[in-house]
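Asks: Below you'll find the structure I mean.
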Amino acid sequence: MQTICLLLLLVLGPADRKAPDPPTMDKLQTVLQLQDQRRGTDPRLAMFLSDSSAVVRERAALACASIQDTSLLQELLNQLQDVSGLVREAASFAIGQTGAFLSASGKTLLESECLDRISQTDSPVRLMEEIGKFGSVAALTRLVALATRKQSSIE
């Protein structure tokens, strides 16, 4: 079953990716096992978020989106600055999937952190979309203001 999952991951991934080397395949298999077992507290998952391979970092972020363990949010926030756009997208998605499980005060802190990071990213649209999953009315109002300012500066 795990082999089938890894093959699907490779086949369904972007066409411009080359096949991962054996050590990367081992890491991907471990990430998939952690995801399947919903083991967000396993320290290996956080370690994979900062792996040297962008493929592993992306897959780890997607696993976090599935597991929705709020203890991984800080690592996911750090991934918003990753050199790989695919990793940044996956981290944004994972933040959106997980943010809803925070307390009200936790959501407020997370939305503030995400809003502050929007101006620091070269692709803010995905993060804006994800804030909509857990953000307050105040955060969404601030998002609209940010989007309006960005649109004005483009024109």
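The values are calculated or read from the model by the stated rules, or taken from the named source; none is laboratory data. Remember, it's a predicted structure, so these values are computed and weren't measured experimentally. For neighbour counting, all protein chains shown are included, and Cβ atoms are generated from backbone atoms with ideal geometry for every residue, glycine included. Side chains included, ligands, DNA and RNA excluded: accessible areas come from the protein's heavy atoms. Shrake-Rupley method; radii C 1.70, N 1.55, O 1.52, S 1.80 Å.
Asks: For region 50-68, name all the residues that are outside any helix (DSSP H, G or I) and either open to solvent by 50 Å² or more (accessible area, probe 1.4 Å) or acidic (Asp, Glu) (or both). Explain how you work it out, then say what you get.
Replies: Going through region 50-68, the residues outside any helix (DSSP H, G or I) turn out to be 50-53, 68.
The answer is SER50, ASP51, SER52, GLN68.
Asks: Of these, ALA104, ALA46, which one is closer than 25 Å to THR24 by Cβ and small (Gly, Ala, Ser)? Give the derivation first.
Replies: Details: ALA104 fails: closer than 25 Å to THR24 by Cβ.
One residue alone meets the criteria, ALA46.
A quick yes/no check of all residues on (1) out of contact with any Gly (no Cβ under 9 Å at 6 or more places or on another chain); (2) modelled with pLDDT under 90; (3) in a loop (DSSP other than H, G, I, E, B):
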| site | (1), (2), (3) |
| --- | --- |
| THR3 | yes, yes, no |
| LEU9 | yes, yes, no |
| PRO14 | yes, yes, yes |
| ARG17 | yes, yes, yes |
| ASP26 | yes, no, no |
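Asks: Cβ-Cβ under 8 Å, sequence separation 6+ or interchain: first residue in region 115-136 and on the phi > 0 side of the Ramachandran plot, partner crowded, with 16+ Cβ neighbours inside 10 Å and modelled with pLDDT of 85 or more. Which pairs?
Replies: none
Asks: Testing LEU80 on (1) touching a residue at least 40 places away in the same chain (Cβ under 8 Å); (2) closer than 16 Å to LEU28 by Cα, one condition comes back false. Which one is that?
Replies: Status for LEU80: all satisfied but (2).
Asks: List pairs: first residue in region 52-77 and farther than 13 Å from ASP42 by Cα, second residue open to solvent by 30 Å² or more (accessible area, probe 1.4 Å) and of a type in the set (Ser, Thr, Tyr) anywhere in the structure, Cβ distance under 8 angstrom, at least six positions apart or on different chains.
Replies: Sorted first by the residue in region 52-77, then by its partner, the pairs are ARG57/SER50; GLU75/SER50.
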